[in-house]
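Q: Please see the structure below; I have some questions.
FYI, it's all coordinate maths here, none of it is from the lab. What you see is a predicted model; the values in this text were computed from it and never measured. Cβ sites come from the backbone with ideal geometry, for glycine too, and all protein chains shown count toward neighbours.
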Amino acid sequence: MAQNNSNSTMEMGTSDQVLVFTKRNKRLTFVLAIVAMVAIIGVVVALVVVFSGDKGGDAEPIISTTASTPTIETTTEIPDSSSTVSTTTTSTEPPGGPELDLESIIGEAFSPPSFDATWSTGNNVIIRAENGDLELYDIEANTTKRLVTNTSEVRISKYTRKLHFLFVYIFNFQVYRHSFLALYSSINVDSQTSVSIVPPGLSTRSNEAFLQNLVWGPSGTALAFVYLNNIYYKSNLTNEAQQITTSGQLDVIYNGIPDWVYEEEVFSSNNALWFSADGTKLAFATFNDTEVRTMKVPRYGVPGSLEYQYTLHHAIRYPKPGTTNPTVTVTIQDLGSNANTVFSAPSDLNE
């Protein structure tokens, strides 16, 4: 029995020694693992520094894109029994002046005032008075002479050299940027009487006599006008109008007025009709759009109008790159003999 107890005691002792040894091994393993981890991290950091190639350098200056604002330096003196302490502070102040808003920029706040005037002869200017009258203003004498009393919203169109007659239009309808239709009258400045300018066969009171163009001759009251794409000539206001061309077709063949592309891109005007200096000949251009392809342009009209509840489409002869352009000719008409000479465009720009 005693021997058995001795063996049991020895076994327990041996077991305790093994347990203590095992704990020491685990503690040593843990320490070694930490050391190895630290060493690996150090190696990685060293490799990064070596292979990155970043040797450092001077720092780039910081450039501010913010506009500089004026600074105001103020000095405050604090009284003290022994000394005076000065402190300097810097504050920013926004630039002076009122703020700008979008409405002011796109509106009329910064637009110059308009002035309705037309240069005449010498020192004279035709102006529109505040009450709507048309007046002749002498800029040297600073005097005015009433030409036309404004009984309706008339607009100046053309006038004779000696200012005895004025062309005015009472109502007009815009076609494109420079072209429009209008009812024209000639007003005798001296007698204040008017004569309507209408094509043959139409009454002087007709509301269908919308003219597309009208020009005075260089002398007297001779004039030429365009109606339904054809040219008419009057040797004076009382004579019957003489038809010069008959080939005009709306939206196809234009006499004395440009088609859309020539009005917009070449002439910047609705006029293709010119008198000679002595008034005996008339030169005019003809634009034939027969071979020009048509494009439909949307017209949105006036907001709120029942007519434009649905978008309307207007057909325009619109030449584009690689397509056919209008055919243009220039005619010189002898107004006395009615003989004419037609000039076509050269086939070679060197001609």
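Q: Express in whole angstrom the spacing between the alpha-carbon centres of the range 174-199 and the range 222-261.
A: Cα centres, the range 174-199 to the range 222-261: 15 Å.
Q: Which of the listed residues, Ile126, Asn142, Ser114, is farthest toward the dipole's positive end in the range 106-151, when Lys, Arg count +1 and Asp, Glu count -1 at the beta-carbon?
A: Farthest towards the positive pole: Ile126.
Q: Let me ask you something else. Evaluate the distance, in nm, between pseudo-label points positioned 7 Å from the Cα of Thr144 and of Ser196 along their respective Cα→Cβ axes.
A: Taking the two extended label points, one gets 3.1 nm.
Q: Calculate one ³J(HN,Hα) per residue across the range 226-243 by plugging θ = phi - 60° into the Karplus curve 6.51 cos²θ - 1.76 cosθ + 1.60, and present them in order as whole Hz with x for glycine and proline.
A: For the range 226-243, the Karplus-derived couplings read 10, 9, 6, 6, 10, 9, 10, 10, 10, 5, 7, 5, 8, 6, 5, 5, 9, 7 Hz, x marking Gly and Pro.
Q: Kindly rank 212-224, 178-190 from highest to lowest mean number of other beta carbons found within 10 Å of each residue.
A: 212-224, 178-190
Q: Taking 8 Å as the Cα distance limit and 6 or more residues as the minimum spacing, I'd like the relative contact order of the range 242-351 as a percentage.
A: Values: 176 pairs, mean separation 26.3, N = 110.
Here the relative contact order equals 24 percent.
Q: Can you classify the range 180-265 as rounded, prolate or oblate using the Cα gyration tensor, where a ≥ b ≥ c are the square roots of its eigenvalues, rounded means a/c under 1.5, and otherwise it's prolate if a/b beats b/c and oblate if not?
A: Here the range 180-265 falls in the prolate category.
Q: Would you work out if the range 106-151 is rounded, prolate or oblate? Take a ≥ b ≥ c from the square roots of the eigenvalues of the alpha-carbon gyration tensor; rounded if a/c is under 1.5, else prolate when a/b is larger than b/c, oblate otherwise.
A: Since a/c reaches 1.5 but b/c is at least a/b, the shape of the range 106-151 is classed as oblate.
Q: Suppose the chain between His314 and Met295 were pulled fully straight at 0.36 nm per residue; how much longer would it get relative to their current alpha carbon spacing?
A: 6.0 nm
Q: To continue, here is another question. Please state the shape class of the range 235-286: rounded when a/c is under 1.5, otherwise prolate if a/b exceeds b/c and oblate if not, all from the C-alpha gyration tensor.
A: Oblate, because a/c is 1.5 or more while a/b does not exceed b/c.
Q: Another question, then. Suppose every K and R has +1 on its Cβ and every D and E has -1 on its Cβ; what is the size of the dipole of the range 106-151 about the Cα centre, in Debye to the nearest 20?
A: Numbers: 3 positive and 7 negative charges, 23 e Å.
For this selection, approximately 120 debye.
Q: Could you give the length gained on full extension between Ala33 and Asn207, defined as 0.36 nm per residue of separation minus the Cα-Cα distance, in nm?
A: 51.9 nm
Q: Note the full-extension length gain between Gln174 and Gln249 as 0.36 nm times their separation in residues minus their Cα-Cα distance, in nm to one decimal.
A: Residue separation times 0.36 nm, minus the Cα-Cα distance, leaves 25.1 nm.
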